[in-house]
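Since the structure comes first, as structure tokens, the remarks are kept for the end.
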Amino acid sequence: MQPTPRALLLFALTVALAVPWVLAFGQWWEMGAALSLTALLALAIDGALAPGRRRVRVETKVPDLISIGSPARLSVALAAGRNPGGRCSVLAELSGPIQPPAVATIDWSGAGEGLAEWLLTGKRRGEARLERIWLRCTGPLGLMAVHSRYEIGKAIAITPDIAAVRVAALNFAQRDALFGQKAMRQQGEGSEFRALREYVPGLDHRSIDWKQSAKHRKLMSKEFFTERNQQIVFAFDCGYLMSQPLGDVPRLDHAINAGLRMAHVSMLSGDRVGVFGFDSRVRVFARPIGSMTNFPLIQRQMARLAYRAEESNYTLALMDLMGRLDRRSLIVVMTDFADTVGAELMVDNLRRLAGKHLVLFVVLADRQLAQVAAARPETFLTLGRSVFAQDFEAEREIVLQRLRRMGVQCVQAEPGQLGVELINRYLDIKRRDML
């Protein structure tokens, strides 16, 4: 509890009146002292009437997710039982990559209730927290203020804007009819036979049923229901290479944006999606889950992926992931590498992983690097840069070719096209029943 500026002004005014009174009328000094005592009594009464922590009940409505570029509402409801008079200032203390809100001032209603609201805006992807709520309530005279603190400790996931994700998912759903049936080859687990139909040019010739064709004396092909309930795990490398910027945005953020697009389409088609994050050790693991109602959980898990200044340990991470999965899955490994020497250990562990699972290896293409490699060398400096860039691109291509020969699916695209490339590759895998 502390006096407000109004109380200090009142006390200073009474002293300013009392001192001249005593000097001018010494025999009436009791009147001057009474002015100061009256001011102190008013402060004491106002402090007693000011609502303290025990009298005020606080209820918060905290958003679980905030998309960058789309503000979310935070509200704090106060209830004092009856109107205590005065005002109450409310401060929400937040930590993490989020814009801190300003102090809100509320007037108590007749029922002794008040509501403070803010629009929260995320600065970048990550996890923020509403640590606590601070109150500063004054009495009916506004002379004394009581400070109260309420611990909250609520996590808020800051995720990329998913508006574009949903639009892209709907476009692909309409184009590829994810919930319809496709003519697929019968090999593989879970391919459910639907019906026979007459073969027409354009259908997969491997779907032709030769016995039924001989019986009907015309070519007949099989239709199968689209494979559903398959497992897809996004394995994000959070090491120092993925923390480096590409176009002013960390590579990890580009990878997460593209991963969210593919995850949305995958869950829309009935598959299960999980998240795995690692650097020098495993940081995040969320078991694959299905249903579009669980998509916010996937967003929250991806928001937990933090930038690390450590070197990635592929042996520990990929072997740990292999031990956690009990069935064949599509593993989407999003990482980066510098050269063939540094990628040797990564390639060896991806070979072991590809022996049990279908691996989709994803790296980002650097347009600026490609421009440097293709630039005309007019000086020795530009010539050196061009040769270095060409060697770097050649070594990356060598690694990708080695992975392809091992049966690993590889995608290399620029940030703006990575999400579309991932969805196209995913739909191709589903269409070919590779899982």
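The values are calculated or read from the model by the stated rules, or taken from the named source; none is laboratory data. As the structure is a prediction and not an experimental result, all values here were calculated from the model. Virtual Cβ from ideal backbone geometry, glycine too; neighbours counted across all protein chains shown.
Using the structure shown, decide if residue 308 is within 23 Å of residue 268 (Cα to Cα), assigned by TED's automatic domain parsing to the domain that holds residue 279, of a type outside the set (A, V, I, L, M) and out of contact with any Pro (no Cβ under 9 Å at 6 or more places or on another chain). Please lay out each step first, then the result.
On the way: within 23 Å of residue 268 (Cα to Cα): no; assigned by TED's automatic domain parsing to the domain that holds residue 279: yes; of a type outside the set (A, V, I, L, M): yes; out of contact with any Pro (no Cβ under 9 Å at 6 or more places or on another chain): yes.
No: the conditions fail for residue 308.
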*Hey, among the residues in the stretch 372-408 that are free of Cβ contacts under 8 Å to residues at least 40 places away in the same chain and touching a Cys at 6+ places or on another chain (Cβ under 8 Å), which one's nearest to residue 345 (Cα to Cα)?*
400
*asked:* Going residue by residue through the stretch 256-271, is there one that turns out to be of a type in the set (D, E, K, R) and surrounded by 17 or more Cβ atoms within 10 Å (Cβ to Cβ)?
replied: yes
*asked:* Could you list, ordered by first residue, the pairs with Cβ atoms under 7 Å in which the first is in the stretch 62-81 and closer than 16 Å to residue 159 by Cβ and the second is aliphatic (A, V, I, L, M) and part of a loop (DSSP other than H, G, I, E, B), at least 6 apart or interchain?
replied: 67/162
*Hits in the stretch 336-360 (condition: crowded, with 18+ Cβ neighbours inside 10 Å and either among the β-branched types (Val, Ile, Thr) or outside any helix (DSSP H, G or I) (or both))*: 336, 337, 343, 357, 358, 359, 360
*If you go through the stretch 94-114, how many residues are surrounded by 14 or more Cβ atoms within 10 Å (Cβ to Cβ) and within 27 Å of residue 48 (Cα to Cα)?*
6
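If you take the residues of the stretch 276-311 that are among the aromatic types (Phe, Trp, Tyr) and more than 20 Å from residue 249 (Cα to Cα), which of them is surrounded by the fewest Cβ atoms within 10 Å (Cβ to Cβ)? Give the steps one after another, and end with the answer.
At the first step, the residues of the stretch 276-311 found to be among the aromatic types (Phe, Trp, Tyr) are 276, 278, 285, 295, 307.
Cutting the leftovers down to more than 20 Å from residue 249 (Cα to Cα) gives us 276, 285, 295.
Details: 276: 26, 285: 16, 295: 22.
Here the answer is 285.
Please give the strands (runs of 3 or more DSSP E) falling wholly within the stretch 93-168 in which 2 or more residues are hydroxyl-bearing (Ser, Thr, Tyr). Working first, answer last.
Details: elements: 104-107, 113-120, 126-138, 144-159.
Qualifying strands (runs of 3 or more DSSP E): 144-159.
Restricting to the stretch 294-312, name every residue that is free of Cβ contacts under 8 Å to residues at least 60 places away in the same chain and in contact with a helix residue (DSSP H, G or I) (Cβ under 9 Å, 6 or more places away or on another chain).
Within the stretch 294-312, 294, 295, 298 meet the criteria.
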*asked:* Looking at the structure I just gave you, is residue 278 modelled with pLDDT of 90 or more, of a type outside the set (D, E, K, R) and out of contact with any His (no Cβ under 7 Å at 6 or more places or on another chain)?
replied: yes
